[in-house]
Amino acid sequence: MQFFKTENKNTHFCFFSSLTREQIAQLNLEEINKTFKKGEVIFNEGAYPNALYVVYKGVVKVHMYGDSGKEQIIRLAQPGDLLGYRSLISNDPYRATASATEETRLFKIPKDTFFNLIKQNTDFSLKLMKLLSDDLKNAERKVIYMAQKSVREKIAEALLLLNDTFGIDENNFAIKSKLTRKEIGDIAGVTTESTIRTISDFNKENIINIDGKKIIITDLNRLKSEVKNKIA
């Protein structure tokens, strides 16, 4: 399992890359005997967790719905990323839903095993504390920056995130993401109409090229220049 051995620069936080073989063995990882298809739910908002999930293959969107019913995609989890750890630690119901954006495979760590390792392994506990601290820092920055960003900035940042997360198809250089325009808007926090209009503007300005549903970034530097306050 390669993501245990090397740091992946594209992951939200490749938690396992710095663990020892002994620590990984203690996790008692169990591969879920199921492939989650695009759109299939892994866990629902409001349910109580009984295990920690680890993405092994694919990409998972973590999303929730506002009072108006609009979906907001909070983050995209990639191979090596953890799912549901905050709710598991606090013993609270999930505050968001996790769904596959493409064919996805997962491992799970039993709840009791997870808490035993926290109690017994100081190094593991410190890494977990850093992960939670980083989450809080990024959430605070996102609240500030998203209120200040224009629609163009938000869509540019969403496209850069897709580029980093899904990578590029070597045959046509398109972003390999299968997310819809609505889902891109849900990441950016803007309406579908504004998303379509802004993507069309970027296309006219030769920053990107649209080929059907595919998006090809033709001028990465110009797209990056649209983002004044990048969220780390």
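Where a number appears in this text, it was derived from the coordinates with a stated rule and is not lab data. Quantities reported herein were computed from a predicted structural model and do not represent experimental measurements. Methodologically, a virtual Cβ is constructed for each residue, glycine included, from the backbone with ideal geometry; neighbour enumeration extends over all protein chains shown.
Shape of the chain from its Cα gyration tensor (a ≥ b ≥ c, root eigenvalues): rounded if a/c is under 1.5, otherwise prolate when a/b > b/c, or oblate?
Working: a/c = 1.87, a/b = 1.72, b/c = 1.09.
The shape class here is prolate.
For the pair residue 219 and residue 64, what calculated FRET efficiency results from E = 1/(1 + (r/R0)^6), where r is the Cβ-Cβ distance and R0 = 45 Å, to the nearest 0.05? Calculated transfer efficiency: 0.85. Coupling constants for the range 43-48 follow from the phi torsions by the Karplus curve (6.51 cos²θ - 1.76 cosθ + 1.60, θ = phi - 60°), and in residue order they are 8, 9, 4, x, 7, 9 Hz; glycine and proline get x.
Quote to one decimal, in nm, the extra length available between residue 196 and residue 90 on full extension: 0.36 nm per residue of separation minus the C-alpha distance between them. If you can, show how the numbers build up before the last one.
Details: separation 106, 0.36 × 106 = 38.16 nm, distance 3.89 nm.
So the chain would gain 34.3 nm between residue 196 and residue 90.
Evaluated at q = 0.22 Å⁻¹, the base-10 log of the normalised Debye intensity for the range 66-162, with identical point scatterers placed on the Cα atoms, takes the values -1.44. For the chain, a simple Cβ point-charge model (Lys and Arg +1, Asp and Glu -1, everything else neutral) yields a dipole of about 180 debye relative to the Cα centre.
In summary, the lysines within cross-link reach of residue 70, defined as a Cα separation below 16 angstrom excluding same-chain residues under 8 places away, comprise 61, 182.
Projected label points at residue 125 and residue 32, each 7 Å from Cα along the beta carbon direction, are separated by 2.9 nanometres.
Tell me, what is the Rg over Rh of the range 126-232, with Rh the Kirkwood radius over Cα pairs? The partial results should precede the final answer.
Numbers: Rg = 14.7 Å, Rh = 14.6 Å.
Result: Rg/Rh = 1.01.
Counting charges near residue 190 (Lys, Arg +1; Asp, Glu -1) among other residues having Cβ under 15 Å from its Cβ returns a value of 0.
Working note: Karplus 6.51/-1.76/1.60 with θ = phi - 60° gives the range 148-157 the couplings 9, 7, 7, 4, 4, 4, 5, 5, 4, 5 Hz, where Gly and Pro are set to x.
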